[in-house]
Amino acid sequence: DAVKAGVLDGKSILVSVPTASGKTLIAMLATLSHLSKNKSKVIYLTPLRALASEKFEEFKKLEKISGGKIKVAISTGDFASKYNELDDADVIILTNETMDAMMTFQKSWIYEIGLVVSDEIHLIGDSGRGPTLEMILTRLKTGYVGKKPQIVALSATISNSSLLAEWLDCKLVESEWRPVPLSEAVYSNHTITNQDRVESEGNLDKKRETRHSKPAIGLGLDIVENGAQSLIFTMTRASSVATATEAGKFVAEQLKKDELEKLIKISKTILPRETEDQTKLVKKLADTVKNGTAFHHAGLDQRCRTIVETEFKNGNIKLLTATPTLAAGVNLPARRVIISSVFRFGPNGNAPISILEYKQMCGRAGRPQYDDEGESIIVAKGSPNQYLEHYVDGIPESLESQILEESSLRIHLLGLIATSSTFSAISEEKINEFFSQTFGGLSDGKLEGKISERLRELKTYDMITDEGGFKPTKFGQKVFWLRIDPKTAFDITAHLEDYVKGNKHTFGFLHMITNLPEFYPQF
């Protein structure tokens, strides 16, 4: 369908299909076709460093296929090719945040982009990372940084994909096809109820289940005992570590001597030689791996994440626990996926995850070439029916832009002013024109009013001036480089001034810092 839509002929497309349905293949075909006809660069954007690393390894294969004619480079927060390698590269893999920085620095190769692949574009609806991606795509699709490139947007199934395609000026390619059929179910009170409302106890041993504290572990062990792998999603980093540690005691009992010996060798590769780098988290990971389990979350460094991903793919790690970030693209399929809870703690307390996020997680079930079916099970509290109706039978939510939310708009308004006024000030008319071309501006009738209000705030914070157009002050420029909410910067400086004057106690200042949204891990 993507080929019929003209992706090999330079046409922009939005591919909206289930998780693990071959989206990367479309991107690689588009890349090969583009480079065979053009000298311009291909940019591959991802939301995660782990996903960027994975795509880098996949696209490096193009170097071999082309006999070295195609050069692939990467730039993320974990590692990067040298700047001259980025200049010379034909394909550059970047996280969205790195691409944003490259646009800010106005690297010369930014003006040589001919094809942009935006992976996991549905994350444009994420309140944390979505606005940055939306600004990047707005700049690219409007020709704000050079010639308008071909766009290949890759998305999970969403309900308003046609609106997203309209905004991107892309042809829409939709499909429900999966390489491995998926069975979805809910576990409650020792019973598994599948999507057809058929109940069964499966192979779960109630006596064995009482040996551990988490039903998710029993569901994971059940599949490991049958020679397959399981992936347990937990909602916090701490619970992912605790679950992997507890499960390891039971997984080790199922392993043969040679398997355990191999795991000990893998465990040793996790511990670096430099003693100071052997953090408690790394030591804990090494210990869990000895038992055939592991955990994966953003708190691990790239080296540890790579080892875990590789050994899970190789089948040496039998049970993996992970936070939901792993669902966002990293290709680590397992026969059975267990979602230990559908509630996540956020700013407003415990809140249920979205249907879209659930579909992303259960989409990791089923390994092509190994499984004839993938299994996904939600661990529920109470009756399974409401879980089945909402998540299993539910349709993923519509994407909603976050760019016009107060904090996001302050950040990106200041960013637009700071990057647009190098030689001359930018008018409010130009600002309105730019934001009207964002995904949020497509349907927001109060756009100009929201922009005017945020501009007044930025002037109050002494971050911009308005003299025949808007320009950043020195303070505003520094805040822009930090990429924090201007209100946060204003609050910090105000408290610092009071502290210096002796009007505030140290404890009060620290209390203010710990209440800032930037103080806590965002992803």
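Numbers below:
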{"item": "T157 vs. criteria polar (S, T, N, Q) and within 16 Å of the chain's Cα centre (by Cα)", "result": "yes"}
{"item": "Entirely in the range 125-215, the helices (runs of 4 or more DSSP H) that have 2 or more residues that are of a type in the set (A, V, I, L, M, F, W, C) and modelled with pLDDT of 90 or more", "result": "130-141, 161-168"}
{"item": "Some residue of the range 513-521 being within 30 Å of the chain's Cα centre (by Cα), under 30 Å from L164 (Cβ atoms), surrounded by 15 or more Cβ atoms within 10 Å (Cβ to Cβ) and not acidic (D, E)", "result": "no"}
{"item": "Residue in the range 43-51 that is at pLDDT 85 or above and farther than 20 Å from T306 by Cβ present", "result": "yes"}
{"item": "Residues of the range 285-311 satisfying the condition of being surrounded by fewer than 16 Cβ atoms within 10 Å (Cβ to Cβ) and closer than 21 Å to E261 by Cβ", "result": "T310"}
{"item": "Answer residue from the range 369-379, given it is surrounded by 13 or more Cβ atoms within 10 Å (Cβ to Cβ) and part of a loop (DSSP other than H, G, I, E, B) and is modelled with the highest pLDDT among those", "result": "D371"}
{"item": "Some residue of the range 289-299 being modelled with pLDDT under 95, out of contact with any strand residue (DSSP E or B) (no Cβ under 6 Å at 6 or more places or on another chain), part of a helix (DSSP H, G or I) and not aromatic (F, W, Y)", "result": "no"}
{"item": "Residue that is nearest to T488 (Cα to Cα), among those in the range 391-413 that are of a type in the set (S, T, Y) and surrounded by fewer than 20 Cβ atoms within 10 Å (Cβ to Cβ)", "result": "S407"}
{"item": "Residue among L388, L416 that is in the same structural domain as V198 (by TED's automatic domain parsing) and surrounded by 15 or more Cβ atoms within 10 Å (Cβ to Cβ)", "result": "L388"}
{"item": "Qualifying positions in the range 300-321 - closer than 17 Å to P47 by Cα and of a type in the set (A, V, I, L, M)", "result": "L300"}
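Table: residues versus (1) surrounded by fewer than 24 Cβ atoms within 10 Å (Cβ to Cβ); (2) modelled with pLDDT of 90 or more.
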| position | (1), (2) |
| --- | --- |
| I26 | yes, yes |
| I65 | yes, no |
| K71 | yes, yes |
| G77 | yes, no |
| I93 | no, yes |
| M99 | no, yes |
| F105 | yes, no |
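The values are calculated or read from the model by the stated rules, or taken from the named source; none is laboratory data. Just so it is clear, the structure is predicted and the values come from calculations on it, not from any experiment. Please note: Cβ atoms are built from the backbone with ideal geometry, for glycine as well, and neighbour counts cover all protein chains shown.
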